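> Okay, handing you the structure first.
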Amino acid sequence: DGKVEFRDVKFGYDERRPILKGVSFTVEPGKTTAIVGPSGAGKSTISRLLFRFYDVNEGAVLIDGKDLRSVKQHGVREALGIVPQDTVLFNDTVRYNIAYGRPDASEEEVTRAAKLAHIDDFIRSLPDGYETRVGERGLKLSGGEKQRVAIARTILKDPPILLFDEATSALDTATERDIQTSMREVSKGRTTLIIAHRLSTVVDADEIIVLRAGEIVERGTHADLLAEK
Ligand code: ADP
Ligand code: ADP
């Protein structure tokens, strides 16, 4: 479960300016597809269509064979877990921030998610552990730590489909590599869509799609794409 399909998707925020000009790809359940391309290519637009913030003008977006137009937005969002570029944390405890999508989660579940995101040791080293407050009036987390909290939150929600939308774009190179290791681990067995700026950050994807000005200009594995150069 968790198959994602874009079928010849055409979309513009207004009629005069097409943004996606016929985009087709399929992410098979459990596989990872990366979408790379310059700023303005339409990468985030793909993520917004998948979340059904907008409907396509032509073509279709499907999850598990179901056209999103026939699914309630709530249902769509249940199936998706997103790690965005800039995670905004609530001014509350670390625990609250991790368990936000699953307030019913047990101690063990929260800890397991934190471990998977490699932030467990860090949390344990805090004065009050998971009960430490973060945000404006509490502890300030670094960009990498925030992304780890976001990954833990997403894993705890346990969605069949993961979406990393420029999740490492704001980080320095060393932290980016670290977070990518976690992304690789948590994406095992889940359908994963990674939106990124650079090809070098998505080496492991089963398929990489290069998007330029709303069109797919290249696709293949990392090795395929390098061989074409
Ligand atoms: P990317 O993620 O590849 O940088 P986006 O999908 O964010 O690209 O944007 C693609 C194009 O759509 C850009 O030219 C951008 O200006 C335009 N765009 C994005 N969001 C909106 C919006 N809400 N209304 C109008 N145009 C938009
Ligand atoms: P929920 O289960 O509460 O609907 P989601 O997992 O769908 O939460 O989303 C997690 C957070 O990411 C929410 O705060 C939501 O507003 C935000 N979000 C959802 N879609 C996007 C997106 N395409 N880009 C950036 N942030 C998003």
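The values are calculated or read from the model by the stated rules, or taken from the named source; none is laboratory data. Because the structure is predicted, anything quoted here is derived from the model rather than measured. Counting neighbours? That spans all protein chains shown, and the Cβs are built from the backbone with ideal geometry, glycine included.
> Of the conditions (1) touching a residue at least 40 places away in the same chain (Cβ under 8 Å); (2) crowded, with 16+ Cβ neighbours inside 10 Å; (3) more than 16 Å from ligand 2 (Cβ to nearest atom), residue 114 clears all except one; give me its number.
Of (1) touching a residue at least 40 places away in the same chain (Cβ under 8 Å); (2) crowded, with 16+ Cβ neighbours inside 10 Å; (3) more than 16 Å from ligand 2 (Cβ to nearest atom), only one is false for residue 114: (1).
> At pLDDT below 95, in contact with a strand residue (DSSP E or B) (Cβ under 6 Å, 6 or more places away or on another chain), more than 21 Å from residue 203 (Cα to Cα) and within 16 Å of ligand 2 (Cβ to nearest atom) - does that describe any residue in the range 82-94?
Checked the range 82-94: at least one residue is at pLDDT below 95, in contact with a strand residue (DSSP E or B) (Cβ under 6 Å, 6 or more places away or on another chain), more than 21 Å from residue 203 (Cα to Cα) and within 16 Å of ligand 2 (Cβ to nearest atom).
> Same structure again: Check off (1) under 20 Å from residue 201 (Cα atoms); (2) outside any helix (DSSP H, G or I); (3) within 13 Å of ligand 2 (Cβ to nearest atom); (4) at pLDDT 90 or above for residue 168 and give me the number that stays unchecked.
Status for residue 168: all satisfied but (3).
> Among the residues of the range 194-209, how many are free of Cβ contacts under 8 Å to residues at least 24 places away in the same chain and either part of a helix (DSSP H, G or I) or buried (at least 17 other Cβ atoms within 10 Å of the Cβ) (or both)?
Counting residues in the range 194-209 that are free of Cβ contacts under 8 Å to residues at least 24 places away in the same chain and either part of a helix (DSSP H, G or I) or buried (at least 17 other Cβ atoms within 10 Å of the Cβ) (or both) gives 1.
> Hey, another quick one. Is at least one residue of the range 131-145 within 16 Å of ligand 1 (Cβ to nearest atom) and either surrounded by fewer than 21 Cβ atoms within 10 Å (Cβ to Cβ) or assigned to a strand (DSSP E or B) (or both)?
No, the range 131-145 contains no residue that is within 16 Å of ligand 1 (Cβ to nearest atom) and either surrounded by fewer than 21 Cβ atoms within 10 Å (Cβ to Cβ) or assigned to a strand (DSSP E or B) (or both).
> Evaluate the following for residue 11: is it farther than 27 Å from residue 146 by Cα, within 16 Å of ligand 1 (Cβ to nearest atom) and buried (at least 20 other Cβ atoms within 10 Å of the Cβ)?
Taking the combined requirement at face value, the residue satisfies it.
> Only residues in the range 78-89 that are in contact (Cβ under 8 Å) with a residue 12 or more places away in the chain and buried (at least 16 other Cβ atoms within 10 Å of the Cβ) count as the first member; pair them with residues that are acidic (Asp, Glu) and part of a loop (DSSP other than H, G, I, E, B), Cβ under 7 angstrom, at least 6 apart or cross-chain, and list the lot.
85/166
> Report, by residue number, each residue of the range 46-67 that is over 15 Å from residue 5 (Cα atoms) and touching a residue at least 40 places away in the same chain (Cβ under 8 Å).
54, 57 - these are the residues of the range 46-67 that are over 15 Å from residue 5 (Cα atoms) and touching a residue at least 40 places away in the same chain (Cβ under 8 Å).
> Identify, by number, the condition in (1) more than 22 Å from residue 20 (Cβ to Cβ); (2) without any contact (Cβ under 8 Å) to a residue 24 or more places away in the chain that residue 190 doesn't meet.
For residue 190, the exception is condition (2).
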